[in-house]
Amino acid sequence: MAHSDGITKPKTRRSKRFLETREPKLLENVKNAMIMKGGNTSQTVTQALKDIYSLKKPNAVLYKKKNITRPFEDSTSLEFFSKKSDCSLFLFGSHNKKRPNNLIFGRLFDFHVLDMIELGVEKFVSLSEFKISKCPEGTKPMLVFAGEAFEMDNELKRLKSLLIDFFRGPTVPAVRLAGLEHVLHFTAVDGKIYLRSYRCLLKKSGCRIPRIELEEIGPSFDLVLRRTHLASDDLYKLAHKQPKALKPKKKKNISHDAFGTKFGRVHMQKQDLSKLQTRKMRGLKKRKGEVVAEEEQRSEPKVAKTES
């Protein structure tokens, strides 16, 4: 590929197809995540990164080598790897004396860091410690957020948006009932965030609707909020901007109620009901004499009344 004036021009068909996959699209591809560890990590952080990678597969890339970088001080290496692997989400794990068992969740816009939120792992139970059957790889999870803090605190509100982006998976037009088997539950209480993973079991209930039971399958995290790097309101608004082609066109005289019922308004001209064709009945048919009398009454001129 040749570079001229900041524009990359392909020289082969293979490079042309590669650049076409990286072009902006109306409907975005599934967001991929890159998971990497820093220069110093602990066994807890390493196992936590592997477990989150197993939840995110196949839309994730796990880097096994150490990357000596500090995202809050210099994010150029993260931006380089995101452009190389075409990932718009990242998870960075590190460990030091000041901030032990550290996880940094982040996302990028136009291959530049948009948001970064640092979480500390206080308690962790890995997937391997739950000796039960797990959900299949690539299962789209149901995300549940509990706690008023996710709606009141600005930082936790942004964290909620980031976690939805990270774990939501591909967009699907329809979901079958048996496919709703994985639940990720996030709870914000007393300044801590609890992450639990459950498997949804459908039991017999004696009626058409099954009885639902939740079975914890791991991993389990007790997290605490540390540092944050949030985008400005203008940049955040620009990142959420949608092209005009995706916005639904407003149709005139059509409305919907709270239940999704479609209502339409039809405009018609005033009708002359005297010329309306009705059902012909012999009993309602006028006789010839009555018709002549009506015509004579209509032809008589109107005489103004005078008082004597």
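Just a few scattered comments:
- Beta bridges per DSSP, both residues in the chain: antiparallel share near 75 percent.
- Counting only Cβ charges, +1 for Lys and Arg and -1 for Asp and Glu, the dipole size of the range 4-86 around its Cα centre is about 520 debye.
- For the chain, calculated [θ]222 nm from helices alone, where every DSSP H run of n ≥ 4 adds -39500 (n - 2.57): -6500 deg cm²/dmol
- Relative contact order computed over the chain (Cα-Cα under 8 Å; 6+ residues apart), in percent: 14
- Structure note, pairs Lys11/Lys83; Lys31/Lys157; Lys66/Lys98; Lys9/Lys83: Cα-Cα distances above 22 angstrom do not occur.
- Charge dipole of the chain about the Cα centre (unit charges at C-beta), most positive-ward option of Gln271, Cys207, Phe221: Gln271
- Highest average first, the peptides 71-83, 264-276 ordered by how many other beta carbon atoms sit within 10 Å of their residues are 71-83, 264-276.
- Pairwise FRET efficiency - Lys249 versus Asp74, Cβ, R0 = 45 Å, nearest 0.05: 0.50
- Rg over Rh [alpha-carbon atoms, Kirkwood Rh] for the range 83-147: 1.03
- Leading residue at positive end of dipole, the chain (Cβ point charges), from Ser77, Val125, Pro10: Pro10
- Hydrodynamic radius of the range 6-130 by the Kirkwood approach over all distinct alpha-carbon pairs: 15.9 Å.
- Using a Förster distance of 22 Å, the FRET efficiency for Ser232-Met152 (Cβ separation, nearest 0.05): 0.55
- Charge dipole magnitude, Cβ of K and R +1, D and E -1 - the range 30-234, Cα centre, debye nearest 20: 840
- Per-atom-type breakdown for the chain gives carbon and sulfur 52% of the accessible area (1.4 Å probe, protein chains only).
- Share of alpha-carbon pairs per 10 Å distance bin for the range 30-234, given as whole %: 8, 34, 37, 16, 4, 1
- Over the chain, accessible surface divided per residue gives 75 Å², non-protein components excluded, 1.4 Å probe.
- For the range 120-260: rounded, prolate or oblate by the Cα gyration tensor [a/c cutoff 1.5]: oblate
- Signed unit charges on C-beta, dipole axis of the chain, positive-most listed residue Ser42, Ala178, Ser161: Ala178
- Candidates Asp115, Asp257, Asp190, ranked by Gaussian network fluctuation over the chain, Cα under 10 Å, top entry: Asp257
- Most fluctuating residue given options Arg99, Arg176, Arg226, as computed from a GNM of the chain linking Cα atoms under 10 Å: Arg176
The values are calculated or read from the model by the stated rules, or taken from the named source; none is laboratory data. The structure displayed is predicted, hence computed values, not measured ones. So basically every Cβ, Gly included, is an ideal-geometry build from the backbone, and we count neighbours across all protein chains shown. Just so you know, the surface numbers come from the protein's heavy atoms only, side chains and all, with ligands and any DNA or RNA stripped out. Shrake-Rupley method; radii C 1.70, N 1.55, O 1.52, S 1.80 Å.
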